[in-house]
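Engineer: Before I ask anything, let me first share the structure, which is written out below as structure tokens.
The values are calculated or read from the model by the stated rules, or taken from the named source; none is laboratory data. Since the structure is predicted, the reported quantities are computational estimates derived from the model, not experimental observations. All Cβ positions, even for glycine, are placed from backbone atoms using ideal geometry, and neighbour counts span all protein chains on display. Keep in mind that these areas ignore ligands, DNA and RNA; they rest on the heavy atoms of the full protein, side chains included. Shrake-Rupley method; radii C 1.70, N 1.55, O 1.52, S 1.80 Å.
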Amino acid sequence: MTFHTSSAQETVDLGQRLGAYFKKGDVVALQGSLAAGKTTITKGIALALGITDTITSPTFCLISEYQGKMPLYHFDVYRLQGADDFANLGAEDMIYGDGLCLIEWSEKIMDELPKKTIIIRLNVSPSDPNARDIQVENWPYENFGEAK
């Protein structure tokens, strides 16, 4: 599935629509350059889970945990050196647990993630720095866009 958003708010709104479908145990790999919108789409997903906390990128703490309809584990693996660092975080307990895992900079650790991982690639539109081209791969849910 491919989407185009014209503003940060539209990216949040798309995250909220996607987030309505996620189930316990889902793992989402967020990919894109700096400022591509990974944390912005996470804000919308969190809203769909009933989370009202302020969502920020966990760049320095590596993992932020939020409580909503289910636990949300928000990872930022930008500073990790690779799979060993990821394993040392105790990430396996969260990835195979009862929450939703969102992993920014997941390109670094894709081999450690389940095959069913949903991939969301965000790119700044070449024609508009406020717009994003967003590609969703490995989407397991049917009837996207219908009211939930």
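Engineer: At a 10 angstrom cut-off on C-beta neighbours, averaged per residue, how do the peptides 63-70, 109-116, 44-51 rank from highest to lowest?
Structural biologist: Highest to lowest by the protection proxy: 44-51, 63-70, 109-116.
Engineer: Taking only protein heavy atoms and a 1.4 Å probe, what accessible area per residue, in Å², does the chain have with all protein chains in place?
Structural biologist: Per residue, the chain has 51 Å² of solvent-accessible surface.
Engineer: Moving to a separate point now. If you consider only alpha-carbon coordinates, what radius of gyration and Dmax does the chain have, in Å?
Structural biologist: 14.2, 41
Engineer: Tally the DSSP beta bridges in the chain and give the antiparallel ones as a percent, rounded to 5.
Structural biologist: Roughly 55 percent of the DSSP beta bridges within the chain come out antiparallel.
Engineer: Based on the mean of other Cβ atoms within 10 Å per residue, sort peptides 117-128, 31-42 so the most packed one is first.
Structural biologist: 31-42, 117-128
Engineer: Check cross-link reach from Lys108 to the lysines: straight Cα distance under 21 Å, and skip same-chain residues fewer than eight apart.
Structural biologist: Those lysines meeting the cut-off are Lys38, Lys116.
Engineer: Quick one: divide the alpha-carbon radius of gyration of the range 101-148 by 2.2 N^0.38 Å and tell me what you get.
Structural biologist: The range 101-148 yields a ratio of 1.41.
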